[in-house]
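Peer 1: My structure is below; once you've seen it, I'll send some questions.
The values are calculated or read from the model by the stated rules, or taken from the named source; none is laboratory data. Quantities reported herein were computed from a predicted structural model and do not represent experimental measurements. Counting neighbours? That spans all protein chains shown, and the Cβs are built from the backbone with ideal geometry, glycine included.
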Amino acid sequence: MDPLAAAGLDRSGLKGPDAADFLHRITSADVHALSPGEGTRAAILSPTGRYEASFYLWREAPDAFALETWGGKEWKDRLLATIDRYTFAEKMTLESNLEPSVGNAESPGWRSLVQLGSAPFTEARIASLLPFPGREITPERNPLEAGDSEAVADQKGCYPGQEVIEKIRALGAPAKRLVRVRSTTSLDNLPTEIPLLDPETGVEVGRLTTAQGFHGLAIVRKTHASKGLKLKTASCLFEVEMVSEERKGRPE
């Protein structure tokens, strides 16, 4: 399958003299810091800091931006509806259903994984602890607990949900963390999230969000986000291999 199709990529565009200020105001990204040709992960958050939209933002020109959503039509529709809700009298034009394309080898995140070719998309994403819309990135979560801190600019200033994000950072860590786990049983891709339990107490401590082969991604309570810690489902055991730190960039 075409890797772009497998990743559910859709591309929209926003251009006009007010586009940069508009995107800087409503997204978690530092849009004014982007030069033409540069891009970053970005999000639009609710007042409680949860995802309303998740996308890649590319500055193509001083007043022209490409907005790439991943995970299928739901996430494209979420982005377009959120932009429409925030739009008043800004001088800009929103275009949808543009032709997707793969950038150069230095382009970040999901795009780079699509270009790997030698490994299935999901396998590469698990290895990189890269969250994905509809899996780790959901409307019930915030970027810090989803391992998506690259989408949230440091010390940017006001945007929807900013106070919640800064409060979490001030406390040192989100209540939940993205981790990579290794299972004792080979698993197919998951259609839905599966509860992860503490092996000793049987209490649910997280959710297995992505799995392929013997590895997967999970979002667990920070008390259980430690390398070597054991978790379980009803059918198999897991061990935490790596924790996504709340910092910029992809985990090492």
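Peer 1: Checking K167 against (1) part of a helix (DSSP H, G or I); (2) within 21 Å of F22 (Cα to Cα); (3) free of Cβ contacts under 8 Å to residues at least 24 places away in the same chain, which single condition isn't satisfied?
Peer 2: With respect to (1) part of a helix (DSSP H, G or I); (2) within 21 Å of F22 (Cα to Cα); (3) free of Cβ contacts under 8 Å to residues at least 24 places away in the same chain, K167 is out only on (2).
Peer 1: Got a number for residues in segment 133-148 being more than 19 Å from A225 (Cβ to Cβ) and part of a loop (DSSP other than H, G, I, E, B)?
Peer 2: 2
Peer 1: Additional query: Quick check on my filter: what residues within segment 2-61 are farther than 18 Å from R85 by Cα, in contact with a Ser or Thr (Cβ under 9 Å, 6 or more places away or on another chain) and not hydrophobic (A, V, I, L, M, F, W, C)?
Peer 2: Of everything in segment 2-61, those that are farther than 18 Å from R85 by Cα, in contact with a Ser or Thr (Cβ under 9 Å, 6 or more places away or on another chain) and not hydrophobic (A, V, I, L, M, F, W, C) turn out to be G8, D10, R11, D30, G39, R41, Y56, R59.
Peer 1: Say we look at segment 218-229 and pick out the residues that are modelled with pLDDT of 95 or more and within 19 Å of R125 (Cβ to Cβ); which of these is farthest from the chain's Cα centre (by Cα)?
Peer 2: Among them, the one singled out is V220.
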